[in-house]
Structures are given as C-alpha cells and as structure tokens.
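Working notes, beginning with the structure itself.
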Amino acid sequence: MKQKSKKNLAVCGYKAVKTLANTSPEKILRFYYTKERSSEFGMLCKKLAENKIPYNQVENNELEKLSKSLHHQGLVAFIAEPEIEQLSKEKVLEFMRNKEKLVFLDLVGNSNNFGAIIRSAAFFGIRHIIIPENEKQASIATSTYRVAQGGMEFVSLYFVKSPEFF
C-alpha cells in the first residue's frame, strides 16, 4: 500500500462526483466544473456557497491541470485524502457477529483495477474491503475514485499488516 502525505485528493468523473455530491457533500473542500455541467450541479454549488466552500466554473484545460487527468468528464471535487484504517480483531469480530461480507485483496497494484473492484463490491452490497499494507498494493487515487463510479461512498477500506491476520 503506497502511503502518501496528507493532502487533498481530486475526485473526477461524472458518477463519482455525482455520488459524492448526493451522499457526502460535506467532504467537498473545493469544486470545479465546466459550463456544460453547471445546470446539473447548481444545487451543490448552492450548498457549497452556504458553507463558504469555494467552487468555480472553469474550462476543460483547467480541469485537466487540477485533476492531472484527461478523464475528468467536466467535474473535479477536492476532498481530504481518505485514510485507510488498520483492521482490528474487534472489527473482524463485529463483522462476524453481523454476518457482514467482506473482500480481501492481495496486492492489486493498479489504481484503475482497484477502483473497478470497489465498484463491483459496492454493486453487490459488500461494504468492507481489506488490503495488505504493502508498497505494491494500490492505494486510493484520483483514478480509483473515477473508476469506482461512486462506489467509494459505499465501501469502507481497511489494511492489515499481513495476510496471515485472517
């Protein structure tokens, strides 16, 4: 798992930003959009204005710079980079008591693939994903959010120091 310094993360892509806006608008620290997206995200801009959160209509080239991606789909929302919690034995026991399903991933090194797995897990109602603490394991990136297409808002991520934890 590649650890990064605490910073903001760009969430881009229509479904990812739309889901974030609908489920967790309080996470948004800054928001940028193109003219083509302005009417659909007017209510979000109103909420952001009420809370004195900056937002701005910009051109595509500015979104590319902000998101460092060509795949922004006209939207970029900045959030605090999510922290992945270490999985405790108590949490595992809670999952067992509640008969909750979870997925353990072993070294998914590509952020796009990680996002696709998160999207699939969310679709099938799996709310917990466990990853190993390993430099080869992809962590949460802009592309993870985009490819997850909103799934990040429905899944909790945990890490374990060793797969033998299970």
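Do we find that Glu100 is more than 13 Å from the chain's Cα centre (by Cα), surrounded by fewer than 16 Cβ atoms within 10 Å (Cβ to Cβ) and charged (D, E, K, R) in this structure?
Yes; evaluated as a whole, the condition is true for this residue.
For region 90-117, which residues satisfy the criterion of being touching a helix residue (DSSP H, G or I) at 6+ places or on another chain (Cβ under 7 Å) and farther than 22 Å from Ser162 by Cβ?
Ser111, Asn112, Gly115, Ala116
Quick check, is Ala49 surrounded by fewer than 17 Cβ atoms within 10 Å (Cβ to Cβ), at negative phi and not hydroxyl-bearing (Ser, Thr, Tyr)?
So Ala49 fits the description; yes.
Starting from region 93-109, keep only residues that are assigned by TED's automatic domain parsing to the domain that holds Ile130, then list their pairs with residues that are of a type in the set (S, T, N, Q) and in a loop (DSSP other than H, G, I, E, B) whose Cβ atoms are within a distance under 8 Å, requiring at least 6 positions of separation or different chains.
Listed pairs, sorted by first residue: Leu105/Gln137; Leu107/Asn134; Leu107/Gln137; Val108/Gln137; Gly109/Gln137.
Could you tell me whether region 110-118 includes any residue that is in contact with a strand residue (DSSP E or B) (Cβ under 8 Å, 6 or more places away or on another chain) and either surrounded by fewer than 16 Cβ atoms within 10 Å (Cβ to Cβ) or among the small types (Gly, Ala, Ser) (or both)?
no
Do we find that Ile140 is out of contact with any Lys or Arg (no Cβ under 7 Å at 6 or more places or on another chain) and β-branched (Val, Ile, Thr) in this structure?
In short, yes.
Residue-wise test of (1) out of contact with any helix residue (DSSP H, G or I) (no Cβ under 9 Å at 6 or more places or on another chain); (2) modelled with pLDDT under 95.
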| residue | (1), (2) |
| --- | --- |
| Phe31 | no, no |
| Ile53 | no, no |
| Glu64 | yes, yes |
| His72 | no, yes |
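Counting just the residues of region 75-115 that are in a loop (DSSP other than H, G, I, E, B) and of a type in the set (Gly, Ala, Ser), which one comes out modelled with the lowest pLDDT?
Gly109
The values are calculated or read from the model by the stated rules, or taken from the named source; none is laboratory data. Since we're looking at a predicted model, the values are computed, not measured. All Cβ positions, even for glycine, are placed from backbone atoms using ideal geometry, and neighbour counts span all protein chains on display.
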